[in-house]
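The values are calculated or read from the model by the stated rules, or taken from the named source; none is laboratory data. All values derive from a computational prediction rather than experimental measurement. All Cβ positions, even for glycine, are placed from backbone atoms using ideal geometry, and neighbour counts span all protein chains on display.
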Amino acid sequence: MKSFLLIGIGRYAHYLCRELANLGNEVVIADIDEAKMDDLLDCVVAAKIGDCTRREVLATFGVNNYDACFVCMGSNFQNSLQVTDLLKEMGARRVISRATTDIHAKFLLRSGADEVIFPDRDMSERLAVRVSNDSVFDYFELSEDLAIYEISAPHRWIGRTIGEVNVRAKYNVSILAFKKNGRMQAMPTPNHVFVEDEHLMVLGKKEDIERLV
């Protein structure tokens, strides 16, 4: 179990808070507006009211006691920079800040953020990739070049084994797992036979996977 501090309780923070709590973590939330936190009181260990851009307010939180502090106020450029900077100055172990633009992200990193996330952009990219190809069911970007795709097994592979298709050498992708009827099996052997209605989790360069599908 880990402990997390979420600052700035908007829509994104609501989802993040509940997911962290559902995974058994201790979550503390903070916002200047008490009403924004009311519906999360059932899943957090504490809700703190105050202006987190003020050092004296953050000083009461014990920010260095949390495994990570999330700055979720991405829509307010100045406030997110100020809170990120204060958290690092006050000894926060890890600061993860939300950004809305590349420029915002650049300044957050300069302010000390250990990680910057783009939840809206990342979700839009995943959705765009998924709906643009009927053979793609999900998409996880690992870097500018690498990604994991959930794809349907190409028709030309059906009835053949991974070894027979020679997937890694011929297509330059690695099959991490396969899924059928909602059940997933990781690290398939070269003897695995591709079947109809099977989804594959493949890792590789985006251009190689896109060429495959």
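The table below gives the values:
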{"read-out": "Condition met for Thr53 (assigned to a helix (DSSP H, G or I), out of contact with any Cys (no Cβ under 7 Å at 6 or more places or on another chain) and either closer than 30 Å to His155 by Cα or not acidic (Asp, Glu) (or both))", "value": "no"}
{"read-out": "Selection from region 49-64 of residues that are touching a residue at least 12 places away in the same chain (Cβ under 8 Å) and surrounded by fewer than 19 Cβ atoms within 10 Å (Cβ to Cβ)", "value": "Ile49, Gly50, Asp51, Arg55, Ala59, Thr60, Asn64"}
{"read-out": "Of the criteria (1) without any contact (Cβ under 8 Å) to a residue 12 or more places away in the chain; (2) in a loop (DSSP other than H, G, I, E, B); (3) closer than 22 Å to Phe118 by Cβ, which one Tyr15 fails", "value": "(2)"}
{"read-out": "Residue match in region 169-181 (condition: in contact (Cβ under 8 Å) with a residue 60 or more places away in the chain and surrounded by 16 or more Cβ atoms within 10 Å (Cβ to Cβ))", "value": "no"}
{"read-out": "Filter result (in a helix (DSSP H, G or I) and either at positive phi or at pLDDT below 90 (or both)) within region 85-102", "value": "Asp102"}
{"read-out": "Qualifying residue in region 164-175 (condition: in contact with a helix residue (DSSP H, G or I) (Cβ under 6 Å, 6 or more places away or on another chain) and at pLDDT below 85)", "value": "no"}
{"read-out": "Index of the failed condition, Phe70 passing every other in (1) of a type outside the set (Ser, Thr, Tyr); (2) at pLDDT below 95; (3) part of a strand (DSSP E or B)", "value": "(2)"}
{"read-out": "Filter result for the condition that a residue is in contact (Cβ under 8 Å) with a residue 24 or more places away in the chain and in contact with a strand residue (DSSP E or B) (Cβ under 7 Å, 6 or more places away or on another chain), over Ser97, Ser75", "value": "Ser97"}
{"read-out": "Considering residues of region 132-163 that are of a type in the set (D, E, K, R) and in contact with a Phe, Trp or Tyr (Cβ under 9 Å, 6 or more places away or on another chain) only, the residue farthest from Ile209 (Cα to Cα)", "value": "Arg160"}
{"read-out": "Only one of Ala21, Ala68 that is within 20 Å of Ser111 (Cβ to Cβ), surrounded by 13 or more Cβ atoms within 10 Å (Cβ to Cβ) and out of contact with any helix residue (DSSP H, G or I) (no Cβ under 8 Å at 6 or more places or on another chain)", "value": "Ala68"}
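Every residue, every condition in (1) assigned by TED's automatic domain parsing to the domain that holds Met201; (2) within 28 Å of the chain's Cα centre (by Cα); (3) within 15 Å of His192 (Cα to Cα); (4) of a type in the set (Lys, Arg), yes or no:
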| residue | (1), (2), (3), (4) |
| --- | --- |
| Leu127 | yes, yes, no, no |
| Arg130 | yes, yes, no, yes |
| Leu142 | yes, yes, no, no |
| Ile148 | yes, yes, no, no |
| Ile151 | yes, yes, no, no |
| Trp157 | yes, no, yes, no |
| Gly163 | yes, no, yes, no |
| Asn172 | yes, yes, no, no |
